[in-house]
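Structure record follows, encoded as structure tokens.
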Amino acid sequence: METHYEVLGVAKDAPVSIIKQRFQQLIIEHHPDKRNNLPLSTSDQDYAHRILQAWAVLRNEEKRKLYDHELEVATQRQKVTINADVDLDDMEYDESNRIFSLICRCSGSYVISEEDLEQGNDVICCDNCSLRIRVLYDIIDDDDDE
Ligand SMILES: [Zn+2]
């Protein structure tokens, strides 16, 4: 399932002016009403629909915020395969920056800030490979099957 950002091909933090430009460009290419005589495939209609849907959300600041949040939650729940659970106590704490870090087996690193944790984000992606870990804090999980 593509995100609204992927549908429009824009960055997640793109300003609305850029998103608008991109939307206008795409809708001209794909909207059924804007295509003269060209036969429309189902996928074109489908795509035009998705472009419109994406724009309807991203043009509105409130809706976009809500969507971003949903996206974050969905990303964590569905797409993420957790490779390991790591106890927060086992991570290195950088007091001046208030971040926790851990070296990945690929020698990349996992970094998470206290702020992330406070917001309930407990999954960290390695900055170098596709591995992910979940940080365990407050409640310590006993069934560690590493
Ligand atoms: Zn890694």
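The values are calculated or read from the model by the stated rules, or taken from the named source; none is laboratory data. These figures come from a predicted structure and were not determined experimentally. Using ideal geometry, Cβ is built from the backbone for each residue, glycine included, and neighbour counts are taken over all protein chains shown. Ligands, DNA and RNA are stripped out before the accessible areas are found, and what is left, the full protein with its side chains, is counted by its heavy atoms. Shrake-Rupley method; radii C 1.70, N 1.55, O 1.52, S 1.80 Å.
Our Cα-only numbers for the range 84-136 put the radius of gyration and Dmax at 10.2, 28 Å. Under 5 Å between amide hydrogens, built in the peptide plane, is the criterion, and for D85 it picks out R134 among residues at least 5 positions away or on other chains. Among the chymotrypsin sites (Phe, Trp or Tyr not before Pro) found in the range 63-122, not one is both in a DSSP coil and sparsely packed, with 11 or fewer other Cβ atoms within 10 Å of its Cβ. Legend: residues T3, T75, T42, sorted from most to least accessible area (1.4 Å probe; ligands, DNA and RNA excluded), read T42, T75, T3.
At a Förster distance of 41 Å, what's the computed FRET efficiency of N60 paired with D89, Cβ-Cβ distance as r, to 0.05?
Numbers: r = 43 Å, r/R0 = 1.04.
The pair N60/D89 has a calculated efficiency of 0.45.
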